[in-house]
1. Mind checking the dipole of segment E:189-327: about its Cα centre, +1 per Lys or Arg Cβ, -1 per Asp or Glu Cβ, Debye to the nearest 20?
2. How many angstrom lie between the C-alpha centres of segment E:287-326 and segment A:68-139?
3. Given a 1.4 Å probe and no ligands, DNA or RNA in the count, how much accessible surface is buried by A and B, both sides, to the nearest 100 Å²?
4. Using only alpha carbon pairs under 8 Å that are at least six residues apart, calculate the relative contact order of chain E and give it in whole percent.
5. How far is it, in nm, from the label point at D:VAL172 to the one at E:LYS59 when both lie 7 Å from their Cα along the line to the Cβ?
6. At most 13 other Cβ atoms within 10 Å plus a DSSP loop assignment makes a site exposed; report the longest stretch of chain B without any exposed GluC sites (Glu not before Pro).
7. Most fluctuating residue of B:TYR105, B:TYR13, B:TYR86 in a GNM of chain B with Cα springs under 10 Å: which is it?
8. What is the mean projected area of the alpha carbon convex hull for segment C:43-179, to one decimal in square nanometres?
Amino acid sequence: MSGPVIDIQPGETFTLNVGPQHPATHGVLRVKMEMDGEYIIKAETVLGYIHRMHELMGENRAYPQVLPNLSRLDYLGAMGYTHGHVLAIERAAGIEVPERAEYIRAIMVELNRVASHLFWFGAFVMDLGGFTPLMYAIQDREHILDMLEAVTGSRLTYCYFRFGGLYNDVDDDFVDAARAFIPRMRKSLKKYAALVTGNIIFRKRLEDIGPLSAEMCRKYGATGPVARGSGIDFDVRKNEPYSVYPEFDFDVPVYHQCDSMARYKVRMDEMEQSLRIIEQGLDKLPDGPIMPKKKPKLIKPPKGDYYQAVETARGSFGIRLVSDGTKNAYRFKLRSPTYSNMHLFDEACEGMMIMDALAMMGSLDLVIPEIDR
Amino acid sequence: MGAYFSEIFLGLYSLAVGLSITFKEFFKPVVTVPYPFKTLKMCDRYRGHIELIENENGEPKCVACMMCQRGCPSGCISITTKTETYEVEVKGEMKTKKKKILTGYDLNFTTCSLCGQCIENCKFGAIEFSKEYNLASTRKEDFHFNLLNRLKERNS
Amino acid sequence: MTNENVKQALQDLFPAPEPIAEEPVVEAADKNGEEKKTAKKKEEPRENGLVERDHAKHGYDIDVQLDPGELLAAVMIIDKAGFFLESITGVDWIKEDQLEVVYDFSRYDFDTYRIVIRTRTPRSKPKVPTISKIYSGANWHERETHDFFGIKFDGHPHLIPLLLPEDADFHPLLKDFKP
Amino acid sequence: MNTTDQISSGILGILTTDGLGGFADEAAGIIFLMMLATTLIGGIIAFNARQLIHAVQGLAVCFIGVAAIYYYLNSPFLAMMQMLIYVGAVCITISFAILLAAPEEDKKQGPPSVLSGPFGIITAGMIAFAMVSLALKTEFTIMPKVNMGDMKLIGSKLLTTYSMVFELVSIVLLIAIIGSLVIGRKGRSK
Amino acid sequence: MDLTILNAVVAVVIAIAFAAANAAYLVLAERRGAGRIQRRPGPNVNLFGILQPPLDGIKLMTKQLVIPGGADKALFLVAPILAMAPAITSFVTIPFSDTIVAHSMNIGVLMIFAFASLGSFAILLAGWGSRNKYSVMASVRAVSQHIAYEIPMLITVTTIVMMTGTMNLKELALSQSGGILHWHIIPSLSSPLMPVSFLIFFICSLAETNRAPFDLAEAESELVAGFHTEYGSMGFGLFFMGEYAHIVIGASLITILFLGGWGCPLGLYPGVWWFLLKVYLLIFSFIWIRWTFPRTTVYGLLNLSWKILIPISLFNLLLTAGLLKVF
Amino acid sequence: MSILNLHNYLNTYLVLAALLFAMGVYGMVSRRTLVGMLISAELILAAASINFMAFNRFTAPDPTVGQIFALFIMAIAAAEAAIGLSITIAVYRNYKSVDIEDIVDLKG
């Protein structure tokens, strides 16, 4: 059920500045909207309010020094981004990673993905005016953050992965906690389904709202849950397997409705799939070292051009690394998924009502530092 | 017509389900910690700002090799040293040796990103993460830590 | 196979049957630039052509370098084959006095195939045709590249700073950029 | 309880006159004067305000006063209806019209109409004077209080003796709804 | 001074004080309730946060009232008062029990609706006066919402008035005395759809008081704070208190119209405590609903009213009219 | 005749109504927009119904006729407002103005 079709009278529009400080933009994002009453005629996103030039930092600093930057890209799913970074450098420098480290990485990334999706879930429902699910989601997320903190030492910007391995090993406490967490999380997911997914108000607000066709997704290069909500079966973990993901048995949820609800459902299902991966990872977790025996003291990837894509919580994150053989990168390009996903918004929200447009914006799962980099 | 009513009823039912969930939660105990009155214990690996570690003599273990300063991505560590000559007896002979003495170890916490590169670079185990998290101030200068002074304060 | 077709089509863009390098980075070398002794590989700018790369090593399959004039044709081939645009970026080859624009394309299906298209443009007057008419998503990527490298995208509808401030007249990722 | 007595005086029936003597009457008088002033001030704002939204606000104030006047005229029902319909519906509708069409009175160029100047004031003043003097001159035969303000009576009369009025009202309203829908719809017919 | 006048004045003052105190402390109740639902304590510093409302009040009062540059000063200042005053005034006619009523009017129901209609006017003026695009959009939404929901509400009330033959709130409550079976929420022979009416009335009062899930006028995630975006200080405080006063009135009206007023469910010991118990239970459910559901859309809201609530309530009206003639 | 006793006199109401009527008339002639005229018309109607009510209260033998007339006027006013609104909007759509002097299609 979407709003009626309107005819635009020239000169009757007004400009509405959504942002840079606006509750719906989850950060400092600005969307200049030309409105006719409640309808959006044209929208233009203005980025760059927290642009920090991570790419230049990546070129100016030695490879290990860039590590903390990557977790600052996306404060909700930092693990995935660091994973991409270490994988890219390892690919370039040809560093072997011990199996245990790979498994722990996968578990950590998936835990972080669940945490990220949980927070997105809460914030999304809050965008739609429901406050309480956010609090429940944060409670569940706290468990994950506690586990991650016990291992990595920080709660949000884990600088945990190292080239070739990990910062430190996990202990039995973590394994037990993670095992105990999985059934609890499954129960919570059921609760969310009853509280939010089934709710008629919620369904009415999302179903058939914010359609993004598969073709549009392709043209804009949307990835991650946004693309999967539009019927595109694309997940870097499956399509271009990296790390130990081929060892795991998991599904990629795909919905063909192309609306906000589909994107919502994709993420909710993804949490379940992540739990499956964590479960398998904990079962399969081998013993062994977490750092390779021989690791170059100074990382100097050979000259060349490397690309590494990983599936983060928001989509396909890519690093293009141009190395000139020194200890600094020659070019360090970060391809952030939300950047492409957000680009869809300008075109997709035309002709929508502002409420629906902002609901759709929420369903894109924006993390502004990651767009602005 | 049937769809009209079934939508109403299913909608009402879904609302009732949601209400029952929040009602159940209403009687569950609170999960938050009343912060100023109760605090959580930081886990062992908690990464606060860095602190110097002392040796048996109460002196900092740091030998001023500058690895931490060089490894820091944000350049927030500044070490000052002086060179001291001293004599040691090696095989019966007295030899003069030079030694770097740490005279100042300043951490600019405003730019620190808590990545832990300094600790990883330290070959001597001379720095550690503190467990302090109650860091709040209205002035920037409060976050320019003089770690040597802090070490002395801890000792006294 | 779509991928083979795309490869063939891209290959057809180049006039002569250039040798397809089976192993990465084997290029014709005419030694006129300065040469580093330590470097194992040649320091020369690559000649236009299509190179197949090892996916496991480099993360992409085909590396096409072409003139800016042929860019649109190549992108159209790729668009027709159903690739999506991953990113556009630049590289500043200051020693060769050239700016490179790199386009990454990938596929949504399980037939993973990543195509990299590069085109070089002189540093003094960097100009590349826009592909935002073909891939609407290129709009922001091109604006970003313009921000960072100062590369003009010909025909771009809205080439104003995106990530940098609106009045920014500097290009931070140029190697001679001094903040 | 005798409702008529209960509400016969005092705005909102805060004070009851039932055998109370002087004070209640005085209070009722004071409040009546206040309401009279409210009505007039509201009316003055309504016809005189430069911005139309202020005029509507004045109209609302005026109508609140008029509702109070109805109260003094022994018809609390009408007073409430006045609030409900005029303030709650008519004023809001007019505000909507202002909001949607954004008419700006003072932006207009050109000479103002002849009638809007002193000429208009004189005309209106003459009308007022004539009516006031007519009202004051005429001897009305004052009957004892007959208006009981009884809602049930109004209801039954409306459906029996004055059923024609009722039907007319319903037809007028129906036509108004249809008419406004038709007129308002036109712009969107594309 | 005459004793009766004194009584009346005292009653009025008590009613207004009750409304104001309720408005202040319901904020606390809301925050505590929200906290419990979300499994956190809520404001709990000094003895369950008992000082929170006065402290909030002091904070609001000591702040400067900033009038935005482009704002229409007169409207901007009048609107909060217009939001608060009618809500509190309508308390005068609400009977808390057989004897505790400031002024029992024979058109009590009508009066409450008449004053409630001023509320939407206040929101319109606030939004317009702020000259903020968000506020104007919010006020337009609010007014269309009020218009849409006043209709089913009045139709439902008409049904009940038809059954009881009075508009006096006291008599309405008295007509339900004698236990739960006499309450209007229980379907009777002449009006079998009464629970549905109750539901409709409940939904409408949620919408009329701008409560979630119908809080479109202050939808903070899209319109920042809606019609009171530009208000600070006591202007905001008055809007806030007005909202809660409206809630108390809505709950009282539901209690009187459907839940037997001050009557005990078993027909024993009727008294003011029953009335307060019912009112606060209803207010709790208002809070409970607010912290459970997401917000509806503009057209979803209007669709609900025009396509579901109005047809059903009209049908109920006709059915009741017919059945009243039969039985 | 005390000033506090004014509410018991018919003339008070008649004078009030006359004043309101005059205000309405003046507004009617001086306002240049449709909406402004609508507002003035409402004033005139209010004056009329006050008169009805006042005469009913003080002189009429029938206790309800004045109120019924006032109710009728209310209905008319409501209908008028609704129609007025839609006409205003329609005029605004077509002329981009609600100034009566701009609406001059019929001028020869």
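1. 560
2. A separation of 45 Å, based on Cα centres.
3. 2200
4. Across chain E, relative contact order equals 25 percent.
5. Here the answer is 5.3 nm between the modelled labels.
6. Longest stretch, sites excluded: B:57-131.
7. B:TYR13
8. Result: a mean projected hull area of 8.9 nm².
The values are calculated or read from the model by the stated rules, or taken from the named source; none is laboratory data. None of these values were measured; they are calculated from a predicted model. Cβ: placed from backbone, ideal geometry, glycine included. Neighbour counts: every protein chain shown. Areas reflect the complete protein model, heavy atoms only, side chains present, ligands, DNA and RNA absent. Shrake-Rupley method; radii C 1.70, N 1.55, O 1.52, S 1.80 Å.
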